Amino acid sequence: MATNSIPASPPEEAKPIESADLVIGILADLSPEAVTTMCQTLGTLPGSLRIAVLQNGDPVNPSPANRSATPQSSTVSFAPSLLAKPGGAGTAPLNMAAAYQSVFAAGEKLGSRACCILASRLESETGRSAYRLAEPLLNGELDLVVPRYARHRFEGLLNSSIVAPLMRALYGKRLSNPMGPDFGVSRRLVQRLVGRERTGRGAANGLHPLASLTPLALCENLHVAELHLGTRSYPPPDWTNTASLVAEILGPVFLDIERNAACWQRMRVSAAVPAIGEPVSVQSDTASLDTSRLVESFALANRELQEIWSLILPPSTLVELRKLSRLRSEEFQMPDDVWVRIVYDFALAHRLRPINRDHLLKSMTPLYLGWVASYAHDLERDNAVPPDQRLERLAGAFEAGKPYFVSRWRWPDRFNP
């Protein structure tokens, strides 16, 4: 049946859903056509599965018209009431955490074998992404499926420069996008995450599913794999207004590092995880970046934030930053080992709280902008080096710097180079 023949109206059946084998949470703003394709594709999952789709707004009608006619076909129903509703302006990160938690709570309530969350718009095959996330979970092979997106050179840099290499060094697995935001999660992992919340180690203490899912799975020795999902659509980066984003992303990550200290201190080297699907290459990625304002922000902060940075960074790093601030914009280059130590020292300071945590994280923003400028200059200097290779070198520096972090974490007052 043609996609446009399926009416975009509320479901015909008002009967509440009492159980499901699979729960799909749609957090991305997908078109009705993409949702319809998704439902049709999910209906081809073998085993006569009961699938509950959670999506705010008016869903497409999951009537028999968009299911296969075979007896073994799976059935798709909507349960929008089980998904957390978006709130007012300025609460997006909290809303996102609540939305993830509501998907997992629905999975627990309905007794599902797996939950999948779609929070991204992909440039191709968005309608098949839920099927691809769910299939390895339903086969009982995996507990967590995380995405691997095809990367444009200046997209997702907060993840590429801090989150991914930091988690790789600490938790010992090489994952490109440990914070998703698209995930496939087994019942076993959902139960452990929900269990944390019920015992007071979760939401009340700042647990955020995007930051906590991957570390929890790795520390529990559960089975994790990456899924090639193609190219993700990112909003245009606003380099002049990143302070709130840095705080919102890194705050939960640093909290989880503190929770899991006993786990990550045991990890010695990193290893790859299984990959599902074929990688997608980015064509004609020739984007450039005007770095002058980024370097200016770094230099201004070096003059105005010395008092705050001196509470967070050791004297040797402050000396390096003063040297960098005297460079001309086009010459600016931040060595990997300097950047790695900055990230580790901010993670430690987040634990020790020499100042308010929100102020601490926002003071990291001009340092991050300096790294972005340095990264852009590196790509310009050597066009033969692809971004992935440059970021792999950075990830290696995070691993090499881990003993420094472990030493400072254990003896913060004694180890202060």
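The values are calculated or read from the model by the stated rules, or taken from the named source; none is laboratory data. Not measured: the values here are computed from a predicted model. Here the Cβ positions follow ideal geometry from the backbone for every residue, glycine too, while neighbour counts run over all protein chains shown.
Can you tell me which of (1) in contact with a helix residue (DSSP H, G or I) (Cβ under 7 Å, 6 or more places away or on another chain); (2) surrounded by fewer than 23 Cβ atoms within 10 Å (Cβ to Cβ); (3) not in a helix (DSSP H, G or I) is the one PRO215 doesn't meet?
If we test PRO215 against (1) in contact with a helix residue (DSSP H, G or I) (Cβ under 7 Å, 6 or more places away or on another chain); (2) surrounded by fewer than 23 Cβ atoms within 10 Å (Cβ to Cβ); (3) not in a helix (DSSP H, G or I), just (3) comes out false.
Could you please let me know if GLY57 is out of contact with any Gly (no Cβ under 7 Å at 6 or more places or on another chain), exposed (fewer than 15 other Cβ atoms within 10 Å of the Cβ) and at pLDDT 85 or above?
Criteria not met by GLY57.
Of all the residues that make up segment 363-417, how many are in contact with a Phe, Trp or Tyr (Cβ under 6 Å, 6 or more places away or on another chain), more than 25 Å from GLU248 (Cα to Cα) and not in a helix (DSSP H, G or I)?
0
Inspect segment 168-178 for any residue being outside any strand (DSSP E or B), under 20 Å from ALA211 (Cβ atoms), touching a residue at least 60 places away in the same chain (Cβ under 8 Å) and of a type in the set (Lys, Arg) and give the result as yes or no.
Looking for residues that are outside any strand (DSSP E or B), under 20 Å from ALA211 (Cβ atoms), touching a residue at least 60 places away in the same chain (Cβ under 8 Å) and of a type in the set (Lys, Arg), one finds at least one in segment 168-178, hence yes.
Give the number of residues within segment 273-316 that are loosely packed, with under 13 Cβ neighbours inside 10 Å, charged (D, E, K, R) and within 29 Å of ARG128 (Cα to Cα).
Residues in segment 273-316 being loosely packed, with under 13 Cβ neighbours inside 10 Å, charged (D, E, K, R) and within 29 Å of ARG128 (Cα to Cα): 1 in total.
Quick check on my filter: what residues within segment 105-153 are out of contact with any strand residue (DSSP E or B) (no Cβ under 9 Å at 6 or more places or on another chain) and not in a helix (DSSP H, G or I)?
Hits for segment 105-153 are GLY111, ASN139, ARG153.
ARG357: touching a His at 6+ places or on another chain (Cβ under 7 Å), surrounded by fewer than 21 Cβ atoms within 10 Å (Cβ to Cβ) and either closer than 21 Å to SER407 by Cα or in contact (Cβ under 8 Å) with a residue 60 or more places away in the chain (or both), yes or no?
Criteria met by ARG357.
Can you confirm whether segment 185-199 contains a residue that is in contact (Cβ under 8 Å) with a residue 24 or more places away in the chain, of a type outside the set (Val, Ile, Thr) and part of a loop (DSSP other than H, G, I, E, B)?
no
For segment 218-253, give me each residue that is in a loop (DSSP other than H, G, I, E, B) and either within 16 Å of the chain's Cα centre (by Cα) or closer than 26 Å to THR291 by Cα (or both).
Selection gives SER233, TYR234, PRO235, PRO236, PRO237, ASP238, TRP239, THR240, ASN241, THR242.
Does any residue of segment 221-242 turn out to be under 22 Å from ARG357 (Cβ atoms) and touching a helix residue (DSSP H, G or I) at 6+ places or on another chain (Cβ under 8 Å)?
Checked segment 221-242: at least one residue is under 22 Å from ARG357 (Cβ atoms) and touching a helix residue (DSSP H, G or I) at 6+ places or on another chain (Cβ under 8 Å).
The conditions are (1) at pLDDT below 85; (2) exposed (fewer than 15 other Cβ atoms within 10 Å of the Cβ); (3) assigned by TED's automatic domain parsing to the domain that holds TYR149, and PRO237 fails exactly one of them. Which is it?
Against the list (1) at pLDDT below 85; (2) exposed (fewer than 15 other Cβ atoms within 10 Å of the Cβ); (3) assigned by TED's automatic domain parsing to the domain that holds TYR149, PRO237 comes up short only on (2).
Those residues that are aromatic (Phe, Trp, Tyr) and either in contact with a Phe, Trp or Tyr (Cβ under 8 Å, 6 or more places away or on another chain) or not assigned by TED's automatic domain parsing to the domain that holds ALA373 (or both), I need them from segment 259-315; list them, please.
Result: TRP264, PHE298.
Check TYR375, TYR344 and return the single one that is under 22 Å from ALA261 (Cα atoms), not assigned by TED's automatic domain parsing to the domain that holds ALA261 and not basic (Lys, Arg).
Answer to the check: TYR344.
When you go through GLY370, GLY396 one by one, which is the residue that is within 23 Å of VAL295 (Cβ to Cβ), at pLDDT 95 or above and either in the same structural domain as LEU170 (by TED's automatic domain parsing) or out of contact with any Asp or Glu (no Cβ under 6 Å at 6 or more places or on another chain) (or both)?
After ruling out the rest, the residue left standing is GLY370.
Just one of the numbered conditions (1) within 19 Å of THR240 (Cα to Cα); (2) over 24 Å from the mean Cα position of the chain (by Cα) is not true of TYR368; which one?
(2)
Going through segment 222-233 one residue at a time, which ones are surrounded by 15 or more Cβ atoms within 10 Å (Cβ to Cβ) and either over 16 Å from MET179 (Cα atoms) or not charged (D, E, K, R) (or both)?
Residues satisfying the conditions are LEU222, HIS223, VAL224, ALA225, LEU227, HIS228, LEU229, GLY230, THR231.
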